[in-house]
Amino acid sequence: MTQPTNQNPMTNSDRSSPKQKPWSDIDLSRWREYDHVLTDSLWLFPHRASGDGHQLDYHGNYIPQIATQLLLRYSKKDEIVLDMFLGSGTTAIEAARLERRCIGVELKPDLVEYVRSKIQPDLLDRRIHILQGNSADPQTAARVSAVCREMGAEQAHLLILHPPYADIIKFSDLPEDLSNAPDAGTFLDGFEQVARLGYDLLAPGRFAALIIGDKYEKGELVPLGFWCMERMNRAGFRTKAIIVKNIEGNEKGKGKSANLWRYRALAGGYYIFKHEYVIVFFKPAR
Ligand SMILES: C[S@@+](CC[C@H](N)C(=O)[O-])C[C@H]1O[C@@H](n2cnc3c(N)ncnc32)[C@H](O)[C@@H]1O
């Protein structure tokens with residue numbers, strides 16, 4: 001009987017020619033050279049990457065490494081990454097660095113102007129498009145679609161959604177801002193509307209990522225991550241992976257306030273959030 005071995009699963013023919021998926025530039029015939037691309041479902045980043053235009057200039061922005069991992073894994077050079085909650089532009093800056101194109105939508109007009117000022121002028125409105133709008137509005141989706149066509153594509157190649165975690169951070173006073181939803185049900189309905197529009201804007205056979213955390217309310221855990229995942233599924237996305245990512249650099253985790261949170265956790269029977277989710281989906285091919 002043949003015994004299983006630990007030999008390299010690549011054949012000689014694998015080595016000789018590049019082997020790629022239609023949604024990534026990773027050459028599978030050289031898979032050992034991609035140590036920097038994560039494949040484990042636990043992401044532990046000791047610190048936030050800085051430089052290359054990235055700054056910790058917006059309360060609620062995600063660390064650039066999230067965009068790096070998603071772009072490398074699920075998009076090819078020159079393809080279009082659509083971010084419907086662009087915030088301070090982390091995805092757009094990383095897309096520019098990794099030679100992807102990007103369409104970002106953000107609700108707050110002043111923030112849109114600020115992000116535009118951070119993008120290299122020769123890329124702005126050419127390879128990187130920043131739109132002000134409500135991502136739950138079909139008219140915004142129609143504008144995104146028009147920009148996609150101007151860029152020579154029918155649909156985007158990767159979708160990134162990093163919505164407010166309900167009301168944990170209030171981003172503005174605007175009524176369309178999902179962080180102003182009066183309750184979790186209204187937040188989820190608004191999020192699902194964005195997910196449905198995002199689904200139509202994404203090319204079939206391509207990937208979407210949702211970055212989200214949970215919250216506590218009245219002493220009870222509100223599992224926003226799983227509820228939003230379910231809304232993505234209702235919109236048509238199939239779930240590919242649930243990644244747990246550490247939260248670092250949270251000021252609440254330091255000094256005296258850390259002790260206070262720890263006391264509250266011990267007294268209340270709960271746990272202090274040290275993680276959020278990066279949930280990966282795919283849109284079935286036609
Ligand atoms: C969690 S932040 C995204 C941060 C972003 N990933 C970054 O790194 O800067 C969520 C963003 O969604 C925006 N937002 C909230 N409701 C929106 C809506 N209906 N349409 C578009 N953007 C919205 C907020 O203004 C906020 O900037």
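Table: residues versus (1) at pLDDT below 95; (2) more than 27 Å from Leu86 (Cβ to Cβ).
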{"position": "Ile212", "(1), (2)": "no, no"}
{"position": "Leu221", "(1), (2)": "no, yes"}
{"position": "Gly225", "(1), (2)": "no, no"}
{"position": "Ala235", "(1), (2)": "no, no"}
{"position": "Asn246", "(1), (2)": "no, no"}
{"position": "Ser257", "(1), (2)": "yes, yes"}
{"position": "Leu260", "(1), (2)": "yes, yes"}
{"position": "Leu266", "(1), (2)": "no, yes"}
Next on the checklist: So for segment 186-194 (the condition being touching a residue at least 40 places away in the same chain (Cβ under 8 Å), touching a Leu at 6+ places or on another chain (Cβ under 8 Å) and not aliphatic (A, V, I, L, M)), does at least one residue qualify?
Outcome noted: yes
Item to check | Filtered residues of segment 185-223 (kept if farther than 20 Å from Asn134 by Cβ and among the hydrophobic types (A, V, I, L, M, F, W, C)) | outcome: Ala203, Phe207, Ala209, Leu221, Val222
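Yes or no, residue by residue, for (1) within 25 Å of Leu159 (Cα to Cα); (2) out of contact with any Phe, Trp or Tyr (no Cβ under 6 Å at 6 or more places or on another chain):
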site: Leu197; (1), (2): yes, yes
site: Asp200; (1), (2): yes, yes
site: Gly213; (1), (2): yes, no
site: Glu230; (1), (2): yes, yes
site: Lys245; (1), (2): yes, no
site: Lys256; (1), (2): no, yes
site: Arg264; (1), (2): no, yes
site: Tyr270; (1), (2): no, yes
site: Tyr277; (1), (2): yes, yes
Next on the checklist: One residue is enough: does segment 115-132 have a residue meeting the conditions within 11 Å of the ligand (Cβ to nearest atom) and in contact with a Cys (Cβ under 9 Å, 6 or more places away or on another chain)?
Outcome noted: no
Next on the checklist: Quick check on segment 149-156. Is at least one of its residues assigned to a loop (DSSP other than H, G, I, E, B), open to solvent by 40 Å² or more (accessible area, probe 1.4 Å), of a type outside the set (D, E, K, R) and within 10 Å of the ligand (Cβ to nearest atom)?
Outcome noted: no
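The rows are residues; the columns are (1) open to solvent by 40 Å² or more (accessible area, probe 1.4 Å); (2) outside any loop (DSSP other than H, G, I, E, B); (3) closer than 18 Å to His162 by Cβ.
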site: Lys19; (1), (2), (3): yes, no, no
site: Asp25; (1), (2), (3): yes, no, no
site: Trp31; (1), (2), (3): yes, yes, no
site: Asp35; (1), (2), (3): yes, no, no
site: Tyr58; (1), (2), (3): no, no, yes
site: Leu71; (1), (2), (3): no, yes, yes
site: Leu82; (1), (2), (3): no, yes, yes
site: Gly87; (1), (2), (3): no, no, yes
site: Thr91; (1), (2), (3): no, yes, yes
Checklist entry - If you take the residues in segment 94-107 that are hydrophobic (A, V, I, L, M, F, W, C) and more than 9 Å from the ligand (Cβ to nearest atom), which one is surrounded by the most Cβ atoms within 10 Å (Cβ to Cβ)? => result Cys102
Item to check | Among (1) part of a helix (DSSP H, G or I); (2) in contact (Cβ under 8 Å) with a residue 12 or more places away in the chain - the single one Asp110 does not satisfy | outcome: (2)
Item to check | Filtered residue count, segment 194-253, keeping only those that are farther than 25 Å from Leu38 by Cα, open to solvent by less than 60 Å² (accessible area, probe 1.4 Å) and assigned to a strand (DSSP E or B) | outcome: 2
Item to check | Residues located in segment 50-90, provided they are within 12 Å of the ligand (Cβ to nearest atom), hydrophobic (A, V, I, L, M, F, W, C) and more than 17 Å from His129 (Cβ to Cβ) | outcome: Leu56, Ile63, Ile66, Leu70
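The values are calculated or read from the model by the stated rules, or taken from the named source; none is laboratory data. Predicted, not measured: the structure shown is a model, and the values here were computed from it. Don't worry about glycine lacking a Cβ; one is built from the backbone with ideal geometry, like all the others, and counts go over all protein chains shown. Quick note on the areas: whole protein, heavy atoms, side chains included, nothing else; ligands and nucleic acids left out. Shrake-Rupley method; radii C 1.70, N 1.55, O 1.52, S 1.80 Å.
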